[in-house]
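Step one of this worksheet: look at the structure below.
The values are calculated or read from the model by the stated rules, or taken from the named source; none is laboratory data. Being a predicted model, the structure only gives us computed values, none of them experimental. Virtual Cβ from ideal backbone geometry, glycine too; neighbours counted across all protein chains shown. SASA here: full protein model, heavy atoms, side chains in, ligands and nucleic acids out. Shrake-Rupley method; radii C 1.70, N 1.55, O 1.52, S 1.80 Å.
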Amino acid sequence: MNTRTPPRGGLAAPSAPGGDGFWTELDPAQRVALEAAARPRNYAPRAPLCYQGEDSDHIIVIRSGWAKVTSTTPDGHEVVLAVRGPGDLVCESAVLGSRHRSATVTALTPVRGLVVPAGRFTAFLDAHPAVWRLVSGMFVRRLDDAGRRVQANVSAQGARRLAMLLAHLAELSAAYAPPAADGSVDIGPPLSQEELGSWMDASRETVARALAVLRRAGLVRTGRRRITVVAPGALRAFARDPAA
């Protein structure tokens, strides 16, 4: 079951990055059972939902708000891996794999979540085998997303690589907030230029130059931690071929 409003304006359903919609795929009885096993919790912006390297003791379903998934390299460099939004399951891989967490999840906006202790979550999955299959499919999609990200970083440079990322973020954002009357889409996750650069394996200066190119082309508008995709279809066309 999927109750999300589909994106408008010709955008495809969210793929990479993020947008698993775990909660919306549950049926009403499954949601009631999971809520009974959970406790609600609110997170302020920049608050961690879980830390890389910690023991696995809970999962979280994001009910509202946005979070980023990051990994810290041995030299202390933070790499953005994904964003997660309403309905997404986070902090889950370590719980299900019985290992230390491989990434940190941090709130980008105020986040309202359902926190489920590890034992209760696995008991919930045992009682609802169809959700096991849902979670397995989510893992596969996330691996595919990571592969597409690596391929994009190798095959594209500068403005085209940023256009790919922003087009995907526009698809994800449009799944949760309808586009404006003119078809423009506000990017939901408030990512800085430095965070965008980390995600696309580029410097902040490269992101700034790429945004300038996209602004001049009339494809985006920007403000402080705010990006509006003016014409999602045209941005996707630019991502495919900047000369088109």
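In 10 Å bins starting at 0, how do the alpha-carbon pair distances of the range 156-208 split up by percent?
25, 48, 25, 2
Which length gain, in nm to one decimal place, applies between VAL79 and ARG39 when the Cα-Cα distance is subtracted from 0.36 nm times their residue separation?
Details: separation 40, 0.36 × 40 = 14.40 nm, distance 2.99 nm.
Extra length from VAL79 to ARG39 when fully extended: 11.4 nm.
TRP132: accessible area at probe 1.4 Å, nearest 10 Å²?
90
May I have the pair-distance distribution P(r) for the range 49-144, computed from all Cα-Cα distances with 5 Å bins from 0 and rounded to whole percent?
Result returned by the calculation: 3, 13, 22, 26, 22, 10, 3, 1, 0.
R0 = 25 Å: FRET efficiency of LEU143 with THR72, Cβ-based, nearest 0.05?
Working from the Cβ atoms, E equals 0.75.
When the Debye formula is applied to the Cα atoms of the range 189-240, each taken as the same point scatterer, what base-10 log of I(q)/I(0) results at q = 0.12, 0.13, 0.29 Å⁻¹?
Log-scaled intensity ratios, in q order: -0.25, -0.29, -1.24.
Using label points projected 7 Å from each Cα along Cα→Cβ, tell me how many nm separate GLN157 and ALA47, to one decimal.
In this crude spin-label approximation the distance works out to 4.4 nm.
What is the distance in Å between the Cα centres of the range 179-244 and the range 32-81?
The range 179-244 and the range 32-81 have Cα centres spaced 26 Å from each other.
If the label point is 7 Å along Cα→Cβ of THR222, which residues in the range 46-69 have backbone nitrogen under 13 Å from it?
Within reach of a label on THR222: no residues.
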